[in-house]
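J.: Could you have a look at this structure, given as structure tokens, before my questions?
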Amino acid sequence: MSKGLKVFLGVIYLVILITFLYIIFSYIDLTRLDEFLYYKELQLNLERTIGNNLFVNLFFFFIFSIIWVSLLGFGSPLLIVSGILFGKWMGTFISVLSISVGALNLYLIANFFFKELVYELLKNKFNKYVNLFKQNEFNYFLAFRLAGGLGIPFGLQNVLPVIFNIKKTNYFLASLIGFAPMFFIWNTIGSGINKYIKQADSFSFTSLFFEKEIYLPIIFFIIIMFLSALIKKRFFKD
């Protein structure tokens, strides 16, 4: 494929990204974001919609998540939403699967359209890890996922492996396994928020924080961050 055609398709990709984000945010009433009642209304409407046809909504969430992640969308909002919509267990399952597919799709897009650009921007900074990944790309990429991507923004995490030329199977499986612990925590928080909105009459940050479904996942999050630091020190020494 010619360079000109790649540039053309890349521009189309960026236009789709901007359009997609505009459509999503056009459905949010920004003027009511400070109203707790607005969130209770959203929660009630979502609960009715999901309850009417769970599998159809799982399918739409699955497709939406793939597109969202493929378009460099943030991961954490999806995890909170999946926990709110489907609960911590089902939410974790559908978010791990869909985001892993979306991340792989973004990796393939970046590898095909923007490989030279990714090399130019990132290779010098992360060149010290190239030889590590060549030794055992699955184990090191799994460690990378478990370590929360070393603090790198989520979209960049999914694109960075372009410079390591990781096999698609290893990329997907390492993502699937490596995402699970942290995704479960985020989905549990989302489920806790959903329960709080349903039961509370007004918002209080203190009462929200002391909900068991909120503070326990936060404790586990801190523990995982500590373990991530150990993984980083063990596998990704400077």
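J.: Report whether or not K88 is of a type outside the set (S, T, Y), surrounded by 12 or more Cβ atoms within 10 Å (Cβ to Cβ) and modelled with pLDDT of 85 or more.
T.: Spelling it out, K88 is indeed of a type outside the set (S, T, Y), surrounded by 12 or more Cβ atoms within 10 Å (Cβ to Cβ) and modelled with pLDDT of 85 or more.
J.: Looking at G155, G149, which one is touching a residue at least 24 places away in the same chain (Cβ under 8 Å) and within 27 Å of F86 (Cβ to Cβ)?
T.: G155
J.: Among the candidates V96, V130, single out the residue that is of a type in the set (A, V, I, L, M, F, W, C), at pLDDT below 75, in contact with a Phe, Trp or Tyr (Cβ under 9 Å, 6 or more places away or on another chain) and assigned to a helix (DSSP H, G or I). Lay out the reasoning, then the answer.
T.: On the way: V96 fails: at pLDDT below 75.
The unique qualifying residue is V130.
J.: Hey, any hits in the range 73-83 for a residue that's surrounded by 14 or more Cβ atoms within 10 Å (Cβ to Cβ) and not in a helix (DSSP H, G or I)?
T.: Looking for residues that are surrounded by 14 or more Cβ atoms within 10 Å (Cβ to Cβ) and not in a helix (DSSP H, G or I), one finds at least one in the range 73-83, hence yes.
J.: Another question about this same structure. Since A174 meets every condition but one in (1) among the hydrophobic types (A, V, I, L, M, F, W, C); (2) surrounded by fewer than 16 Cβ atoms within 10 Å (Cβ to Cβ); (3) at pLDDT 85 or above, which condition does it not meet?
T.: If we test A174 against (1) among the hydrophobic types (A, V, I, L, M, F, W, C); (2) surrounded by fewer than 16 Cβ atoms within 10 Å (Cβ to Cβ); (3) at pLDDT 85 or above, just (2) comes out false.
J.: Within the range 95-118, is even one residue more than 13 Å from the chain's Cα centre (by Cα), farther than 14 Å from Y171 by Cβ, free of Cβ contacts under 8 Å to residues at least 60 places away in the same chain and surrounded by 18 or more Cβ atoms within 10 Å (Cβ to Cβ)?
T.: So far as the range 95-118 goes, yes, one or more of its residues are more than 13 Å from the chain's Cα centre (by Cα), farther than 14 Å from Y171 by Cβ, free of Cβ contacts under 8 Å to residues at least 60 places away in the same chain and surrounded by 18 or more Cβ atoms within 10 Å (Cβ to Cβ).
J.: Can you tell me how many residues in the range 185-219 are modelled with pLDDT of 75 or more and surrounded by fewer than 16 Cβ atoms within 10 Å (Cβ to Cβ)?
T.: Within the range 185-219, residues that are modelled with pLDDT of 75 or more and surrounded by fewer than 16 Cβ atoms within 10 Å (Cβ to Cβ) number 4.
J.: Under 7 Å between Cβ atoms, at least 6 apart or on separate chains: pull out the pairs that start in the range 47-61 with a residue that is modelled with pLDDT under 75 and end on any residue that is surrounded by 11 or more Cβ atoms within 10 Å (Cβ to Cβ) and of a type in the set (A, V, I, L, M).
T.: I50/L85
The values are calculated or read from the model by the stated rules, or taken from the named source; none is laboratory data. Everything quoted here is computed from the prediction, not taken from an experiment. Using ideal geometry, Cβ is built from the backbone for each residue, glycine included, and neighbour counts are taken over all protein chains shown.
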